Amino acid sequence: MSQTAPKKSSYKKLFSNTVIFAIGSFSSKVLVLLLVNVYTTYLSQAELGINDVITQIANWLQPVFTMTISEAVIRFGLDKAYDKKNVFTIGNIVCFAGFAILGIILPIVTVSGIADKYLSGYSLLLYVYVVMSGLKLVYSTFVRSLEKVRLFAFNGILTTFFTLVGTVLFICGFKMGNTGYLLSIIMSDFLSVVFLMFAAKLWRYFDFRHIDTEVLRTMVQYSLPLIPAHLLWLITNSSDSFMTTHYMGQSANGILSASYKIPNLVATVYLMFGQAWNMSAILEDDSDDRNEFYSRVFNLNQCLLYILAAGCLMIVQPFTALWLGDDFQSSKMYSPILIYSSVFSCFTTFMGSIYLAAKETKRSMMTSLFSGIINVGLNIILIPTIGLYGPPISTVASYLTVFIIRAYDSRKIIPFFLNVRKIVLNNILLVAMVLINVLQFRFDSAAFSVVSLPILFIAVTVMNIAPLWDALQHLIPARIRRIIERLGTKRLIILCTAALAALAAAAALGIFTKGIGLYVLFGLLILFGLFTNRRVLLLTGGAMLFLSGWIFGSLALGAVLCAAAAFFCALATLRAADVLTGCVMLICACTAGYGIWHGIFCLTVELLVLFAIYAKTVVGFIERVLFKNGRKRKKKKKRKKAVS
């Protein structure tokens, strides 16, 4: 009993943390996907390419000038042998020292004009971007080391909201283009740091008087090898962007950047698990059942990734047509290869957690070296030869190589089980799906792909669903498990099929009516919620109106529809505060999305509607005021006559 109890608690803790991180990450990642339509609508190919390059530069500068100290913060912050005050204070000292050095170097680079091709006049914003993102990373990582995972998740949701507000304000409202894009991220990161400082009371962990130099040296020794390791991974991820810009220009890089949007779904889901797994790998490093724990978790991880990647490969073509602007439709030729590469990217990240937990960061650096060399070398050869197919192919080759090396090397530290037969079979099916997606443009075989891709997806799902279902049954709460058992397998399958059919029908209705059908449907849902006095239906209808307006129209349309729904719901309650709030929301949405004249028109319509509803009250008020004034005048006249 003593051996099984910790094992169950380890799995449950990993599962609960994954769910919490998923809640925090899901909103931000969904926002990124939904904002693709905004960026590809309001920004040109060249602007999107410049944004991608600036973001990549920031990603390169951050690990160098923060010395990847955030990795040391979580590793030593979770270790009970170290004082958390020391860990957090050292993390801040290293960060601000790096920011000071960057503040000296960046102006020199700007004045010299060395990097004008890449910085494009955004040096100051780039500096603020790096500072805020570095601080946010360290502070949020320390909150994780305090095991305040709910606060971490809520901060993710809050940051998402701030990013959305910044995007509407700077890009849609003020039409600030690239500057608005950077400002929206800077603002959200700054507010996130302020929120974490007060919500987690992080000021209590500052202790500059009692800095342990031994801990400082240990943390720096741990994080230093991670700088080249991180940079080598960035070479793998961002050399595609820089080398595409060099060989083919900003517009081609904009297409490549758009190609990554749907593949990032796979990485997004893994990130939700990876944050929880990183904590579990550190906490379980000394446990007795460590090897079995790692084996089972890797098996579940690969099953989920195979199904997720197969699902993305099945829907990549219609999703690209729906989400991306007309100028970026050619990205669907390259996305399938990048989806496949993301599977091995997640595998290597999983195995990298073993190095971090065992404090073998030098091994992480050495294995990452192969990735950088292969990626850059193949890009130099392939981009001039086969164009935009070069970066995705080089990315697959580099990740696959590192996966093979780490699968061999990491098992020397922790000998977890790898089912080679399962890996080979799943990869054969995924490669077949990639080839069907890519070759359909050359051989005009769209009809064949419509039939074959769902069949292959079902095959991948059947091969991998059993371990996931078994784990889910053991991890979900007993109350939900009893409901599932009562329903039975057949009813559960019917319910899932009906839900998928309803989702497909809603999507078809939206596509064929260009969103109008969904606006009517969710409007009726809101009306039904008003009549039945069910707040859940009101909130669901408002949220779905916003999402459908965003997907089939624009972000501004989604905001206006949601605000209009709130305004009419407020009218139904006839509460003055609610009506005023609804009026302000609708005016702000119209003004930010479509300009000042639309806001004035909206205000006029609102006044007419309010007058029509409150006509009796308004007329009665005017009559009372007029008659009251008339009576006062008569009384004054009578008094004057009486005095005279």
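Assorted remarks:
- About the Cα centre, charge dipole magnitude for region 170-277 (Lys/Arg +1, Asp/Glu -1 at Cβ), debye: 240
- Cα gyration tensor shape for region 291-404, rounded if a/c is under 1.5, else prolate or oblate: oblate
- Among LEU418, ASN437, LEU400 the positive-end extreme of the charge dipole of region 387-448 (Cβ point charges): LEU418
- Accessible carbon and sulfur surface of region 61-143 relative to its total accessible area, %, 1.4 Å: 69
- Annotation: LYS261 carries an accessible surface of approximately 50 Å², with a 1.4 Å probe and no ligand, DNA or RNA atoms counted.
- Think of each Lys and Arg Cβ as +1 and each Asp and Glu Cβ as -1; about the Cα centre, that makes the dipole of region 392-536 roughly 560 debye.
- Think of region 352-413 as a dipole: +1 on every Lys or Arg Cβ, -1 on every Asp or Glu Cβ, centred on the Cα centre; then among SER368, TYR389, SER353, SER353 lies furthest on the positive end.
- For region 120-171: rounded, prolate or oblate by the Cα gyration tensor [a/c cutoff 1.5]: oblate
- Rolled with a 1.4 Å probe across the full set of protein chains, the surface gives CYS346 an accessible area near 0 Å².
- Averaged per residue, region 179-264 has 42 square angstrom of accessible surface, using a 1.4 angstrom probe with ligands and nucleic acids left out.
- Each Lys and Arg contributes +1 and each Asp and Glu -1, all at the Cβ; summed about the Cα centre of region 62-142, the dipole is approximately 180 debye.
- Global form of region 89-163, assessed from the alpha-carbon gyration tensor, a/c cut-off 1.5: oblate
- Remark: accessible surface ordering of TRP550, TRP203 (largest first) is TRP203, TRP550, probe radius 1.4 Å.
- For THR461, the solvent-accessible surface computed with a 1.4 Å probe is close to 30 Å², ligands and nucleic acids excluded.
The values are calculated or read from the model by the stated rules, or taken from the named source; none is laboratory data. As the structure is a computational prediction, the values presented were derived from the model and not from experiment. Ideal geometry is used to build each Cβ from the backbone, glycine not excepted, and the neighbour counts take in all protein chains shown. Surface accessibility is based on the protein's heavy atoms, side chains included, excluding ligands, DNA and RNA. Shrake-Rupley method; radii C 1.70, N 1.55, O 1.52, S 1.80 Å.
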